[in-house]
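Please read the structure below before turning to the comments.
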Amino acid sequence: MAQFGRTAANRHVSSDNVSEAEIVRRAKAGDEQAYAEIIQRHQNMVFSVAYRMVRRRIDAEDVAQQVFAKIFYALKKFDMRSSLSTWIYRIALNETYDYLRKLKTRRVLYEGDLGQHVDEVIEDSAISADRAPRIDERSEKRDYLVKLLAHVSEQERMLLFQKEVEGRTVRELSNLTGINENTIKVKLFRARKKLVKAASKLEAGNKLPR
């Protein structure tokens, strides 16, 4: 796998006119240049997803390397039922979430509109001011968000991230996922409702960061 890291991504690959299906077919067959093309086409997106969540370049680069390593080994199972970019986006988001969840040293930050939404969740869950979690420090807020996001599904996390952090519209989400707009709205509503419920449970169990 080492030969497919940054060196492969930095190679000049002149296959702009090659279809996605053909590149995937070649990569599955072991064509290193085709895999390098996949990295080249998607590395900016993967890094952006990671960086928006971890907020440190070195951590985002580590996550990106993990993402492309996972893609390398999982590509043979990719069945083209979704676009390659959607498949890679989902892997990138899940890997970044796992990276945050497993961190022992809490130095990275979790920012963006989704972070601001935590304050709304806490308020909506009717936690009294004197018992509300102390999440003024960004690292604590990020840790709290990781706990909350554990209570929603993979798809819900992806939709929340795209809507709240990336600022995509419901129409854009519909175009990306193939899910109609009303269903997207329902899924987002239910996901936010789960966050409110999770916040209440965390508070009731005295598991909020202090």
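Here are the numbers:
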read-out	value
Karplus-derived 3J(HN,Hα), 6.51/-1.76/1.60, for each residue of the stretch 35-46, Hz, glycine and proline x	5, 4, 5, 4, 4, 4, 6, 10, 5, 5, 5, 4
Heavy-atom surface of the stretch 12-92, accessible at 1.4 Å and reported per residue (Å²)	53 Å²
Heavy-atom accessible area order for Arg157, Arg57, largest first, 1.4 Å probe	Arg57, Arg157
Whole-Hz ³J(HN,Hα) from phi, Karplus 6.51 cos²θ - 1.76 cosθ + 1.60, for the stretch 186-202, glycine and proline x	5, 4, 5, 4, 5, 5, 5, 5, 5, 5, 4, 5, 5, 4, 5, 5, 4
GluC sites (Glu not before Pro) restricted to the stretch 146-181 and DSSP loop, no more than 16 other C-beta within 10 Å	Glu166
Stretch gain in nm, segment Thr169-Lys28, where the contour uses 0.36 nm per residue and the Cα spacing is subtracted	47.3 nm
Spin-label proximity, Thr86 to the stretch 170-194 - amide N less than 12 Å from point 7 Å beyond Cα toward beta carbon	173-180
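The values are calculated or read from the model by the stated rules, or taken from the named source; none is laboratory data. Predicted, not measured: the structure shown is a model, and the values here were computed from it. Heads up, the Cβs are rebuilt from the backbone with ideal geometry, glycines too, and the neighbour counts pull from every protein chain shown. To get the accessible areas, we keep the full protein, side chains included, count just its heavy atoms, and leave off ligands, DNA and RNA. Shrake-Rupley method; radii C 1.70, N 1.55, O 1.52, S 1.80 Å.
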